[in-house]
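The values are calculated or read from the model by the stated rules, or taken from the named source; none is laboratory data. No experiment lies behind these values; they were computed from the predicted model shown. Neighbour counts run over all protein chains shown; Cβ positions are idealised from the backbone, glycine included. Surface areas here come from the heavy atoms of the whole protein model, side chains and all, with no ligands, DNA or RNA. Shrake-Rupley method; radii C 1.70, N 1.55, O 1.52, S 1.80 Å.
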Amino acid sequence: MVIPFGPLKGKDAQVKRGCDCEALKIVKEEQQEAKKARLKRIFEENSFINPSLKEATFENFESNEFRQALQKAKRYVEEFDLKNPKNLFFQGSFGTGKSHLSMSIAKALTEKGYTTIFISTPKLLTKIRNTYNKESGISEEQIINAIADADLVVFDDIGAEGEISGWGMQKLFEVIDQRAGKHNIYTTNLSSIEFEASKDL
Ligand SMILES: Nc1ncnc2c1ncn2[C@@H]1O[C@H](COP(=O)(O)OP(=O)(O)OP(=O)(O)O)[C@@H](O)[C@H]1O
Ligand SMILES: [Mg+2]
């Protein structure tokens, strides 16, 4: 796009009413790119992702047992709308594909241009704790702001052993609180009873 400076004359002159939608679109895209770069810097690739999940997609999800979960996940992507935020909660025993499906959703939305973060919740807490180290090149605030900023955050393995107590629980509430009114996905292999009990710790 050419952005002319100074008055245009003759056939080049254009009168536009209302907003310049094309320019606005470009500004929006640039903002989105800046947001992505920020997220990439903080959540450097792979630091939060189990290597076996890197290849996860809807296409390579075997849905025999969990057809409904796959359908819900796909619908979540189709209906994704920043103005109508929705949360998904995947609960089930280990190795059943909860992280696989969540990762597939995050990838599909990234392809659509949204900013997404997939984080192992225990690793997130470790990363925040590490910022308390003087040598840390990143602050707790930067991490929390980046999470607050993303269009979608997957909190993978929430309630995993070792984090549901004192500081970890408090920090997690703080992070999740920042995500109110936004799109979030949670996965856990705790049963409902265990999950409820963990809140009282
Ligand atoms: N239905 C499936 N189709 C294809 N691959 C699968 C399926 N279920 C699991 N996998 C693969 O098995 C591995 C473990 O799955 P995943 O990490 O998604 O399980 P999970 O339900 O999140 O388990 P956990 O509760 O231990 O976190 C991953 O590499 C994933 O890609
Ligand atoms: Mg998992």
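Can you give me the Cα centroid spacing of the range 83-117 and the range 67-81 in angstrom?
Taking the Cα centre of each part, the range 83-117 and the range 67-81 sit 9 Å apart.
Of the peptides 178-185, 98-105, 51-58, how do they stack up when ordered by the mean number of other Cβ atoms within 10 Å, highest first?
98-105, 178-185, 51-58
Which far-off residues, 5 or more places away or on another chain, put their amide H under 5 Å from the one on L88, with H placed in the peptide plane?
N184, I185, Y186
Let me know the shape class of the range 18-198, please: from the alpha-carbon gyration tensor, a ≥ b ≥ c as square roots of the eigenvalues, rounded when a/c is under 1.5, otherwise prolate if a/b is greater than b/c, or oblate.
Oblate shape, in that a/c is at least 1.5 and b/c is the bigger or equal ratio.
Between T57 and E174, what length in nm is gained on full extension when 0.36 nm per residue of separation is reduced by their alpha carbon distance?
Computed gain between T57 and E174 is 39.1 nm.
Could you tell me which of the pairs K54/K134; K28/K134; K112/K134; K36/K74; K134/K182; K25/K98 are separated by over 29 angstrom between their Cα atoms in the structure shown?
K54/K134; K28/K134; K112/K134; K134/K182; K25/K98
How about the range 102-136: which trypsin sites (Lys or Arg not before Pro) there lie in a loop by DSSP and see at most 16 other Cβ atoms within 10 Å?
Here the trypsin sites (Lys or Arg not before Pro) that fit, given the DSSP loop and packing criteria, are K112, K134.
Note down the nm distance, to one decimal, between modelled labels 7 Å out along Cα→Cβ at K25 and at N133.
Label at K25, label at N133, 4.6 nm between them.
Under a point spin-label approximation (7 Å from Cα along Cα-to-Cβ), what is the D81-A37 distance to one decimal in nm?
3.2 nm
Mind ranking Y132, Y186 by accessible surface for me, highest first, 1.4 Å probe?
The most accessible residue leads, giving Y132, Y186.
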